[in-house]
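The values are calculated or read from the model by the stated rules, or taken from the named source; none is laboratory data. Bear in mind the structure is a predicted one, so any value in this text is a computation, not a measurement. Positions of Cβ are backbone-derived with ideal geometry, glycine not excepted, and every protein chain shown enters the neighbour counts.
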Ligand code: FAD
């Protein structure tokens, strides 16, 4: 499958065009889970321009597909965030007399058929969509493309998710997707800076439809479809929903505010309270904004040092282009200034993170097996993990063998990891933050992931799935990339013998201890080094669990496992 990735096939199919085009009377934009915005949306913008040129209406469709959500481990928080953003978009589009039609398709195999029936129903001339890089989404889109073309409807799939799309930054030797980040990032920056207007263009907002669309017998009904409040099987309980709404408000304006807050205001406490970016007092006069000190502060979990824009990027409420544009002053953009992507400035370091996001999307597109439950480094497919065998995903063709050692203990350890009761304060604080807020700081994700796969020797796919269930920013490319990095099975991974010491990591990432004290109230009164590594007597006195493994022994076991015959 890596030899002939479906992205390549889709792009070929789109190029082919339609033999006998029909005389369509509308243009359709198919909005998906990753492009929930109106501004700077490439497919929407092109669709709108086409509709205007033809003087025919633009229609927006969103298909809810619960079986896809199951197949991709998409969690209720991510679904709820999708629906909240859709409701906001529906209002904005209605003001432009553009209908947003939503419908639910319970059978994922029927999506291509359902979609093409819709195109026929609205007598579409052409449909537009932004490309999704997950392998089965690409396969579905290929079917859609073929089916539409057979009806004389042309299909336009365009890149939008990344700043520099997959296929541009490739190795000089054989045009392959880079499997090492540093050379990838260097070339990524060179390409970007060589053609800033192209890569950072702000796609024009859609034009309004004529008001008469509202009275059209064929189309007026489309304005009536309501965005559902929830998808059966993915409901959030009321308290969780209220929390998510408070911390992660929906809508493009909120996303832009959060970005502004990162670019222009100073870091405060680590507590993920309501992210109300421009609340009175939050805009202080300090010169050193969060982004300015990002290079030195970004690994601090006890401060609010990163942008927290990931839920909005994952859902496409904000474009990645807009993030990079925001790092350049208006004059720099207008006068041919360059994007700073270097290691020595806050801005440069932050732009490099956006490049990591692009990198993992390129991996997904170029090496589709990673989204089929396979390790990027095939040589680690047979690592002996503890715990129950991981059920094959719909796409995986095998599971690594499981050691027979104390299955029940491994299962109990997984539960303690999930709930934040491992006896390692930094791991517990991070897991409780994830469970409560739907988001946790990057360094904390790395510590928790490394702890699960190396200290507990649990298959990385168990953790990958759990993160997807809880994260509001759950994104296959970045989540898979992060998990496989930590498990040493991935592209450009952490080497298997470089295992985080959770106690040292804790002291570095949470030097004040504010993060642990906030999320592990049992330890709220503890100060100094005891907070990172409580003694048995302190733990017993405070009702905090004792460590479930001895880190040094666990580390040695992990290294042994990665060296076993048939593995390395
Ligand atoms: P900032 O530090 O402000 O970075 C800005 C943006 O750059 C982020 O919003 C994100 O889009 C991108 N970015 C930053 N770091 C990374 C990275 N390491 N890899 C890819 N993109 C990055 N990110 C997700 O968006 N969704 C996930 O499901 C996800 N799962 C992860 C799982 C693990 C085990 C690990 C180690 C990392 C994961 N990440 C994931 C990457 C990263 O942790 C988050 O993007 C980041 O913590 C989001 O916070 P922020 O917006 O404040 O980031």
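Numbers for the structure displayed
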| item | result |
| --- | --- |
| Qualifying residue in the range 124-131 (condition: under 20 Å from the mean Cα position of the chain (by Cα), more than 30 Å from residue 212 (Cβ to Cβ), at pLDDT 95 or above and buried (at least 22 other Cβ atoms within 10 Å of the Cβ)) | yes |
| Per-region count, the range 440-466, residues within 7 Å of the ligand (Cβ to nearest atom) and surrounded by fewer than 24 Cβ atoms within 10 Å (Cβ to Cβ) | 3 |
| Selection count, the range 245-255, where residues are surrounded by fewer than 18 Cβ atoms within 10 Å (Cβ to Cβ) and in contact (Cβ under 8 Å) with a residue 12 or more places away in the chain | 2 |
| Lone unmet requirement of (1) in a loop (DSSP other than H, G, I, E, B); (2) more than 9 Å from the ligand (Cβ to nearest atom); (3) in contact with a helix residue (DSSP H, G or I) (Cβ under 7 Å, 6 or more places away or on another chain) for residue 512 | (3) |
| So residue 19, is it more than 17 Å from residue 318 (Cα to Cα) and within 20 Å of the chain's Cα centre (by Cα) | no |
| Entirely in the range 429-505, the helices (runs of 4 or more DSSP H) that have 2 or more residues that are touching a residue at least 60 places away in the same chain (Cβ under 8 Å), in contact with a helix residue (DSSP H, G or I) (Cβ under 6 Å, 6 or more places away or on another chain) and closer than 23 Å to residue 388 by Cα | 460-470, 476-486 |
| Verdict on residue 357 being assigned to a helix (DSSP H, G or I), in contact (Cβ under 8 Å) with a residue 60 or more places away in the chain and surrounded by fewer than 20 Cβ atoms within 10 Å (Cβ to Cβ) | no |
| Residues (more than 9 Å from the ligand (Cβ to nearest atom) and more than 19 Å from residue 82 (Cβ to Cβ)) located in the range 305-321 | 321 |
| Per-region count, the range 385-408, residues surrounded by 14 or more Cβ atoms within 10 Å (Cβ to Cβ) and either touching a helix residue (DSSP H, G or I) at 6+ places or on another chain (Cβ under 6 Å) or modelled with pLDDT of 80 or more (or both) | 7 |
| Hits in the range 482-492 - residues which are within 6 Å of the ligand (Cβ to nearest atom) and farther than 17 Å from residue 438 by Cβ | 483, 486 |
| Residue tally, condition within 11 Å of the ligand (Cβ to nearest atom) and either assigned to a loop (DSSP other than H, G, I, E, B) or under 13 Å from the mean Cα position of the chain (by Cα) (or both), over the range 328-354 | 2 |
